[in-house]
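Have a look at the structure below, then the notes.
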Amino acid sequence: MKLTPQEKAVNALRKLFLNAIKDDNAKALWRLVTALRGPDSDDCVLKDRLTTPIRKALLTREFAIEVGVSESESFPFKPRWHGADIEEGQDHYRSHIRVAQRVLNEATVMENERKARQKSPKA
């Protein structure tokens, strides 16, 4: 029986997340996904402000349009966190944002190091 795209997506995510205990990539992905889900409230402005840096780091404009999110809706705020955004308050949701921020920072550092190695002349 042929699986639908939705079934394939669910199966892939299930496999990835079930392996999160032993897979650092799955752990990082889980940390980003939990931050994207938003606060346990109806505060859409807060959610947009805190998830925009994650969405901006992960989505291209073309993909956002493809999945039905206009750029102005998807990225209404500047694509970076302000200290007060993530440090103000110690609620559970902001802890997810701080962890996601660390994941993105580590990924950026690693990407920059890889680019620097590619540019440097080989000895």
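The values are calculated or read from the model by the stated rules, or taken from the named source; none is laboratory data. Note that this is a predicted model, so its numbers are computed, not measured. Because the Cβ atoms are built from the backbone with ideal geometry, glycine has one as well, and the counts that use them run over all protein chains shown.
Results for (1) crowded, with 16+ Cβ neighbours inside 10 Å; (2) part of a loop (DSSP other than H, G, I, E, B); (3) under 16 Å from the mean Cα position of the chain (by Cα); (4) at pLDDT 75 or above, shown as yes or no for each residue.
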site: Ala28; (1), (2), (3), (4): yes, no, yes, yes
site: Asp40; (1), (2), (3), (4): no, yes, no, yes
site: Lys47; (1), (2), (3), (4): yes, no, yes, yes
site: Leu50; (1), (2), (3), (4): yes, no, yes, yes
site: Ile54; (1), (2), (3), (4): yes, no, yes, yes
site: Ala64; (1), (2), (3), (4): yes, no, yes, no
site: Gly68; (1), (2), (3), (4): no, yes, no, no
site: Arg80; (1), (2), (3), (4): no, yes, yes, no
site: Ile86; (1), (2), (3), (4): yes, no, yes, no
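State which residue is farthest from Glu111 (Cα to Cα) when the search covers only the stretch 53-67 and only residues that are of a type outside the set (Lys, Arg) and touching a helix residue (DSSP H, G or I) at 6+ places or on another chain (Cβ under 8 Å).
Taking the candidates together, the pick is Ile65.
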